[in-house]
Structures are given as structure tokens and as C-alpha cells.
1. Checking a compactness column here: for chain B, what do you get for Rg(Cα) / (2.2 N^0.38 Å), N being the number of residues?
2. Running Debye on the range C:1-140 with equal point scatterers at the Cα sites and no solvent, what base-10 log of I(q)/I(0) appears at q = 0.09, 0.18 Å⁻¹?
3. Based on DSSP H assignment, which helices of chain B show an axial Cα extent of at least 20 Å together with a mean Kyte-Doolittle hydropathy greater than or equal to -1.0?
4. If N is the number of residues in the range A:158-248, what value comes out of its Cα radius of gyration divided by 2.2 N^0.38 Å?
5. More than 18 angstrom separation, counting every C-alpha pair in the range C:5-49; what % is that?
6. What relative contact order, as a whole-number percentage, does the range A:158-248 give when Cα pairs under 8 Å and 6 or more residues apart are counted?
7. What average count of beta carbons from other chains do you get within 10 Å of the Cβ of residues in A:110-116?
8. Which chymotrypsin sites (Phe, Trp or Tyr not before Pro) from the range C:201-265 combine a DSSP loop assignment with at most 15 other Cβ atoms within 10 Å?
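The values are calculated or read from the model by the stated rules, or taken from the named source; none is laboratory data. Quick caveat, the model's predicted, so the values are computed rather than measured. Methodologically, a virtual Cβ is constructed for each residue, glycine included, from the backbone with ideal geometry; neighbour enumeration extends over all protein chains shown. Just the protein is used for accessible areas: all its heavy atoms, side chains included, with ligands, DNA and RNA removed. Shrake-Rupley method; radii C 1.70, N 1.55, O 1.52, S 1.80 Å.
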Amino acid sequence: MNENKTKLTEEEKKLFGDLMPEELDEIISSGLNRRHFMKLMGLASAGLLASHLIGAEQLFARSAEIGDIADLAPAAIENGINVSFKVNNTAKKVLIDSRATLLDTLRERLDLTGSKKGCDHGQCGACTVIVDGKRVLSCLTLAATCEGKSVITIEGLAKDNELNPMQAAFLKHDGFQCGFCTPGQICSAVALMKEAKEGQASFVTADVRQNQQSVILSDEEIAERMSGNICRCGAYPNIVAAIKEAQTGKNVEQTWLFAG
Amino acid sequence: MEEKNKSIGKAITRIDGLLKVTGKATYATDYPAKNMAYAVLFKSTIASGQITAIDSAAAEKSPGVLKVITHKNTPKLNIKGGLRGGALLQGSEIHFYGQHIGIVVAETFEQATHAARLVQVSYEEKAGKIDFDELAKDAVKPKGQELADQIRGDAKKALGEAAVKVEETYETPIEHHHPMEPHSTIAVWEGENVILYNGSQIINGAQSSAAATLNLKPENVRIVSPYIGGGFGSKGGQWANLVLTAVAAKVTGRPVKLALTRQQMFNSVGLRQRNIQKVSLGATKEGKLISISHETTTHSAIDSEYIEPCGDCTKIMYDAPNSLISYRVVPMNVILPTYTRGPGKSTGSFALESAMDELAHKLGIDPIELRIKNEPEKDPSNGKPWSSRKTVQCLQEGAKAFGWEKRNAIPGQTKAGNYLIGYGVACGTYPARQRDSSAIIKLKRSGSQVTATIELAASDLGTGTNTILAQVAADGLDLPIGNITVNIGDSDLPPAAGSVGSVGAASFANAVNDACIKITNELIAKSDKQFFVRPTARQMMISEQTLDFQTRADAKAPSNTDQYSTHSFNANFAEVKVNIATGMVKVTRFLAATGAGKILNPKTARSQIIGGNIWGIGMALSEESIIDPRYGNFATRSFGDYHVPSNLDVGKLDAMFINEEDFIPNKLGIKGIGEVGIVGVAAAIANAVFNATGKRIRSLPITPDKLL
Amino acid sequence: MRPFKFTNTSNASSAINLLIKNPNAKFLAGGTNLLDLMKEDVERPDELIDLGRLDLTAVRPLVTGNNVVGISIGGLGKNTDAANHPLIRKDYPLLTKAILAGASAQIRNMATNGGNLLQRTRCSYFYDIAMPCNKRLPGTGCSAMQGINRMHAIFGWSDSCIAVYPSDMAVALSALNASVKVMQPSGTARIIAIHDFHRLPGNHPEKDNNLDHGELITAIEIPKNKFAANSAYIKVRDRNSYAFALVSVAAGLELAGGKIISASIAMGGVAHKPWRATHAENILRGKMATVENFQMAADAEMEDARPLAHNKFKIGMGKKTIVYALEQAFKGTGYKA
């Protein structure tokens, strides 16, 4: 041992002790032992939805208000239509080309890039938004037809500094990988909750002749009703688990196995 | 196990998850730019020949159009700059149907899209090589040395002498990656420098190939790619659209956004080639293999060769004294094939593991037992010891958890209502490797709060890179994971390997881990205190009252790795139900047991594995791109025709990890799981379909018509 | 998309008046297929007349005198609302099942009932403007005839077109003997039987149906039937959801004990229109509901099939699916999962 090196001060002992509170002297004299190791493992597993998430601060700090809508050069508007509608509960007025889809208007004019263009032909669901309470494909919706309507996008789901329960459930269940289809999946899932409450049927409904007030969805029901949202990464089982948890409010366990 | 393990191995929620569930994660086309212009590509409508004229007058006059760019006015680019697939508008020659032949840039997306339809192109058409069924008989040896015939013993002779034989041909169609985010780019020039917002699995590769193609130095090109909407190999090498966006921006003097349409994805960014695989197995009556052959016939592009190595699994999976692996290829007028999830292994394992199932059936042996009987003690292809191989445990533990004992070995016997039920098993493997990567760690202290920033040009295409790097850094620095900021996806950061070939986690995490060790060493070295126990970086920052400290590590694979054969292994178990009347198949249960070294985060690892399984479900049951042999176009040309699995196609999936400590591939013992999750899946499903119906389908996908 | 004028209106007659003024104008309802085709440059209207504000959405009982004789479904009602209407679920579950077999929840929320009838083929050669196609551009030839025709017709095709009509809903409507009610430019109504609504391609594959320019679908009317409890819609497709049919069958059986009073059978994915399986129906009338009779009927129906290079499987698949649908209908499980 090098005598020139100073011993730990009391303060420093306290500091190092944060991690190993009880057997500090033992550690200092004989190194980390197995008991401590097990304890650390226990401590670290706490806190599932913790502050480690990127963007936690910015997310709720950001104003819901979008800045001024940039006017396009006159050459850029053909067959111009003035559309007034609500986007995420904020009134918007925008002059658009009659050809502009709702998706392109959200993304290119209103700075709402959460909704994604996966196919632009209604074959993938990445552009799903909620218009007047119903999930629709914004790529096959002309913005011109949205006059007077209310559009909710992924950016409008979190409220009062709180995630929509569906967003939280997707986070918990890892209901995505690349995240590109996720805004559409979540908008779709949020609207699906309302459809289930209204008793809507699906192709796999046990008996479509039985009208039900409110449907608790089986895994298969959720899967069929979410089949309009393609996820190429393959997060489907996690999406089903997230929706199940959001609908029932009951904890759905995540499972993986270790063996051998 | 690591001494201070507290975050690694835990099911930490993705650190970038909040941004993803709120729509705030920024993919390539989500960046704002002042005065953005929109580019749309137009493509050839012949497969082979020459452009004789392009009439762009109407397009140029169309409102809002800024520029029409064709081979006639595209600046000279370096066609050997490292981009894949050609189509750089450097000449009038057409090599495949759907080759890019021009770009329209306009004020708005609507205007550019419309004007691109107004361009009239005339061609002199040549007879193309587009009918694989015709061309396959003329296939020749590939140019690539690694694909030369690999011969051990005399497979043919041994097969002739074998008591029991399987000699069958298995076919897999062209498949497309179809990440949900179509390849797209925003290019912004600042003087001689260009920023390219572009989803890139290999950040530095995108940078160097874009720079070389644009005749620029790498430092003049910056790739920004923090979020990638999937890639699966198609965003590994980069394609013409990346550089053509930069050209459009340069020519118009505006920031330009160019996104491929879903239809354009079929012939712009590679594909998984079509393969005809002949597998011959010869065995003794007891089920000991004496001969294995795997002969693949496939195609490549007309002017460039890429072949997925279908025989790779066969090389190493089973012990047999006689073996032949071969490839034959025909050039075709089709976009260059490229790396596609589990390249070679996913398609090759379909052939090999179907054949093993056929052999087991012929022998009357349980397919698990047959595999265990032929388990090799060392790598049969090169005689090297395994660094670790848990195939037997995967089979046994998997079988137990799956309930394999309930399988009726006689096909077509298990009925439930309108359905036939079947079980299938198949194995898979994928190499484990670490590639050179560097990382910078920057520590900051404010009072007793220490925070760290990790910087490297790594990529996260949904794999969980951000999260596992935060975990590794948290453990390596003794910090809560929330105190770690991970900065990746930018070529301005220290160079790193790519998220390709399952090397990402091993390469990136070891670079970060090395940097953690190095920064701790440096902090200790500069202190004059003495320690009985090695202190942590956090403790040192506080005790030494250091405000800022940083270091960089350049990590390499351990020097002795090459003396071993290093691979992940798995066993896949499928339960299918087949509707007797309609022939529709559903995978009701699937279990993948995987031995893939250290599992850094079981939550994201499970997602990767089941994601690979779902890719395998698509491969087995529904994915197929069909070329019209008259024209060379894809008759399947949209997401309506190309069926990636939907939510309802997927039943209950379970991921099982076999504990495996193997520090030979790298210091952290990571083997990588991005690819192995798809390997063996299609075979397990096809074998389950056989068990359910008695019908052996050797040509994927298993669509309802094939089961009638 | 080509530039177009976007026009709003709030009542049917003004919409029709606007349309007849411009031969290149089109009605825009749900837009799920029209916009798709405009983006592909297949449809090229220079004016869209938005029907979004028209009030032609109601589902209500069809009444003659004091008798309920059927049901009327608004032409501009959404597919979702039609499928979920309590009266339809109870009395016409075949229609509910067929609608829910199609597309996705999002698309069904957008697509209208009238628009569903007017959707165009998904033949990939029709969609690809680089390819010859008589339906898209008469006289250019049929690419599918000698091409990749796995998805194409086995009944009723002509040398000029082998496309299939893609709707699920219309297959059920065919089995349900529905009628399409349209408003003509004169303001008077025209009732077209569903079987006369869609056309076989003949020499004019560009015409999918017998609707004239300026006619607007105001309602779909379905007469009362006696097979609600014994109906089934079976769809065979390449994936379990969100895919077009290889073959589909809508079947309804009116039974007296084990005896078939009448059978109603229509097929999808096999022809340029919903294919009414009249041969099978005729064979089954008055017979016992046995698997043997179902098979005999199915065999008879498929006898006239003329398959192409890649769709021979549709004959066997058609037979099996007819039998399966009849079995499900007979067992009363056809509207169950």
C-alpha cells in the first residue's frame, strides 16, 4: 500500500457509503462481497417508468401551441382552399393546395411530424389520426374535407403533463421498436377503446348478432382490430399486451424466460 | 458475471421510448428546414436498354417546378463511391426495371409528384435477363471467393452409400425489407458541406459512401440519423436516393426532402434474392449423418454481385464427415440483392431444417433427438472449438417449456373443430462478432450530481442501442441510468460499427464499456488517494471535486477470438393451426430458445427475438415479391400485394434465453440477437404445417392455395 | 395527383348538377379508393365534388304500408356504422360479417356504403400506369392475361379483362338480393338490382358498373330474408386480416328442419362482379342439408370455371369454401368467430 496516498475522509466514506450503507468498514477493508452485490441488484431493479427516459422534461415543457403557419409562395398553391379546423384542440386556419392530404398538411404545414407516411395509400396505418372521435387514415383524407372538424394526432394525446394511459402502456410493454408506426398504432388503439365501449363488432367477434354495450376485448379481438396498423419490427404481441392493460387497468405481466 | 452489475441484465424501459410514444422522435423527414423544396424520383419502365430521349418540357412548365434532373444534367458522380445498386443518373443505360432515371424538384410535394408524371421517356429496349426460371439452368460459379465450393470428404459418394436419404429442393421467393419508414433524406448544403438527415444503419458507412460518390471528403458530409424507422439490412449499405437528394439540393440551392414511395421501395433499395436450394442428407439407420450437401442457385444484379450465403448454417450445424456447400448464380436485370435480416441463414435454415425434419420423419426418430445425435463437438467447417454452443440446451429447455411431448409424431392426426394442429421444431445460428468502435465519455459534476454523456456514431433502428448503452455506462460509471445521456446517430461523433450482422450491441457496448474503464482508470491515476476497493468514476468525480472530465476509447475485438468459432444458436418451436377448408395457417404459439451470450436487457432483447420470429412468420406464410418475366417489373407492387404479417397473423410468442457466459467473442460476453431471431423460424413453421396436415411445402410462402 | 378543383355542396341535387356540368368531375365520398387511384395517376378527375356534408347516411327499416319489408342503408353512411347497426347485426349478420372482413377499422370508418360498391379492381396491372390495361386505357391490351394472374378471375372474364372486383360487402349484398337506389339527374330515383349493378368486362372493361355519370347512390336496400341465423361469410386470403380475398363465399340457407327451402350463395374474388352461384342454389333447393349435397352443389357451380395460368387453385378453393360456408350456415355458426 502506498503510504503517500491519503486515507478516505469521513465525508468521502459517507459518499462511498451511499451505495453500500451497512458494511462500509468491511468493504473498505476487504472489498465488495457477495452480499452487497445481491443488495445492489435489488436496488437497481426498482422504478420501471423512471426519469431515465429521454425527453421527459422537454415533453411537458413544450407549449401545445404551434407557431405561426408559414405561408407558401404563391406558386406553391394550386386550387387553393382555406381550411379552418381544430388540431389537438387548437383552432387552425391554413391555405392549402386542394391536393394536399391531411397527412401532408399536418407534417409539412403544421409542424406536426408525429403522424408518419409509411405507404401513402392506406395500406399500413402509420398515418392514423383521430378525426371527430374516429380513427382514420390521414394519407387518404384530403385536408380540404376537414373544414370544421377536430383532428387529434399523437402530439395531442398527452394532457396536463400526463401521458395518455395508452402511451404509458405502450412504453411499459415495449409496444414498438423503431417507433415509426407507433404514433399510428397509439392513435388507433386510443380510438379502439371508444369503439369497444360502444360495443362495436369485429370480424372475430364471437357472435355478431349479440349486441353488446361494452366489450372487453380478447387478445384475438385486439389483434384483429389493430390489423390495420402494420408494424414491420414485429411488436404485435407487446401492442396487444399494452392495449389489454390500458383497457382493463389491470397489470399485464411481461414475460421472458431464462433457462439452462 | 460482472462485479458491479446493477443495470445490465435488467428490463429497463427504452430510454427513447417516451419520445417514440409521443411522436417526438425525429426520423429523417421530420426535420424542419427553411425554404424546403420537395423532390420526387421517376423510374425506368423497361428492364434493359437505353434511354433515347427524355421530354421534360411539360414537367418543367408545371407550376412550382424548380428543376428536372436527369442523366443529361446531373453533375458527375463517382459511381464506385460505395453506394449500392447504381442508378445514379450518370448515363442512359438501363440495368433494371424501376431504375431511377430522374428527379423533379418543386415547391411542394404535390407539385413535384404531379410533375414527375409528366415526364415522357423514350427507350431503345434490349432483351433483358428477367426470367429466373429460364435463367437458373445457366447459373455459374460466383466471383466471390468466400462463395467457392466448400468440400469436405466426398458428399456424393457418402450419400450413395447412406441407408436413409433426403434429397429435396427448397425454394424461397424474392422478399423485400419494407421498413415502415421508406428510405428518405433531407439534404441541406452549407457552403461546401452537406448535412444529410438519413436513416442509416452504418453512420460512418453512409458518410464515406456519400462523400466518395459526391467527390467530397468525408468531413464535408455529415449524416444525422438519431432515429431510424427500421432497416433490416436495407439501410445498411446506402443507395442512390441518399446522394441524389444532395444533388437536388445543390442544383436548386434549397434544402431538399426526398422520400421514396412505398411502390418505389420495391426496386430502389435492394431485396432478398430468390433461392433454389437443393439439400441432400445421408444418414445411417440410427440417424447419424454421414453426408450433407447444400447447393444454392440464385441470381444477382446484372452488373454487380451480392449473394446471401444460404449454406452458412449447413456448414456448422451438424456433424458429418462429408459435406458440400456450393453456390451458382445468374446475373439478372433486377435491383441488386442485399443483406436482409439473417442473410443466408434465414433462407438457408428453411432448406436445411426442413430436410432434417424430413429425415427424422423417414427414420421415425423425434426431430429433436435427430439433431442432438448429430451435435458437433467443434465447428465442422474449420475444426475450431466453439466459444460456446447451447443448441442442445435450446432444444431441451425449449421443448420442456413448449410442451413438445404433446406432439403426435404422426402427421395429420390432431384435429380441433375445423382445424388441424401441428408442432414443428427447427434450429438456427448466427455468427457473433465485435467490430471496431470508438466512444467518448464526458463526465460532469454539479454538487454531488454526476452526469455522463456517451458519444459514438452508433445507430438505433429499434434494436434498443440507446438503452443498452445507457445501461452499460450506468454500470461502468456507477451512475443511475437517468444520469446518462446517449448521443448516437451522427457522423460527427467517434466512428463506430453499424447495426448490421448482429454486431451492433457487441461493438457499441464494448466501446462504451472500455471507455468507462478507461475514464475510471484516468480519474484514479490523477488522484493522490489510496483505495482498498477500486472506486467508481462517480465517486472519483465527487471526491476529487472534478467538474468536467472526458476520455475516448477505441475498442477492438479480443485478440484470441479468431481461435474459436463464435456463434449464437437457437431452437424454434411452432404450433400452427390450419383451417381444413380454407388452407389458411395461423401460428398460434411460438417459442424461440436462444443461447446468445449476455442478455443486456431482457425487455428489448425479447422484442428483438419476437420481431425476428414475426419476420420468420412472414417468410413462412405470406411474403413474396413476384417479377413479371415479360417486363421485369414487380407484379406485387404495393403493401396491398406484398403481405408482411398483420397483428392477427401472430399468436402467442415466447422468448427463452439460455444462460450463457462466453467472454471469447468480446469482453462483455454479448453475442447479438438481431438476426438469430429469424433463423430457423420458417422451417419450424413449415415443419409444423407438415405435422398438422401431412403436406410438405418446400416452396415458400405457404399460402392457402398450396395446402388445398 | 393532377390538379383538381375542390367543390363543396350540401345537397344531393346540387351535387348531381355540379357533376353533370363537368364530364371529368367525380364525386368524393370516403375517398379511400379514389385518392389511392389518383395518387397512382389512374384516376384523373379535374374536379372533386365532396359529398361529405350530404345527409344520406341513415340505416332504417324499409316499410311498405305497415310492414317492414327490409332495410335501407344510406349510400353515404360509413361501412363501420352499417356493420354495427343493431338491426343489421341482428337480421343481416351476413352483411356485418362481410363488411368487417374487408380492409381495416380505419378504412371502414372512412369508406361509405355507396363508395364500397364503386371501388375498383386491385389488379396490379390496372394500378401501374406503365402497363397496358384495357380497363384503365381501353384498347391497350390486358397485361394480366399472359402475366401474373394468381389473383384474377375464373368466371365471366373476357379477352379484354380478367380483373376481379374486390369488395366483400357487395358479395354479401348479392347473396342478400339487395338493390342499389340511385338518384338520377332528373331527380327521380332508379332502383338497380345488385346483380345488374356490376358488369362483366365484355368488350368494355373500363365500365365497372351500370351507373351513369350524374347518378348518385342514395341507398342500398335489402329485402327481408329468412336466413339470418343460417348465414356465413367465409374469406380466404393470404394473411389473416387486411388482405383481399383469394376466394370468398357468402351463403344463406332458409331451412325447414334439415331441408333446404332455398339457398343464397355469392362468391367474391372470382369474377368482375359478385358471382352469384345460381347452379349451386338450384341444386340445393329442396334438398337435405348434407355435406354430400353441399359438395354436389359446389362441384356444379365450379364446373363453368375457366382458370388462368396461375389461378387454377381457385376451383378447388372455391368448392371447399362453398361447402365450408354452407356447413357454417347450416350449423348456425356462420356469424360466430
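1. Normalised by 2.2 N^0.38 Å, the Cα Rg of chain B equals 0.99.
2. The computed values of log10 I(q)/I(0) come out as -0.34, -1.09.
3. The qualifying helices are B:345-363, B:504-525, B:602-621.
4. Details: Rg = 13.0 Å, N = 91, 2.2 N^0.38 = 12.2 Å.
Compactness ratio reported: 1.07.
5. Details: 243 of 990 pairs.
The share of Cα pairs beyond 18 Å in the range C:5-49 comes to 25 percent.
6. Relative contact order of the range A:158-248: 42 percent.
7. Values: counts 0, 2, 2, 9, 7, 1, 8.
Whole-number average of other-chain Cβ neighbours for A:110-116 is 4.
8. On the way: sites: C:Phe227, C:Tyr233, C:Tyr242, C:Phe244; in loops: C:Phe227, C:Tyr242, C:Phe244.
Answer by residue number: there is no such site.
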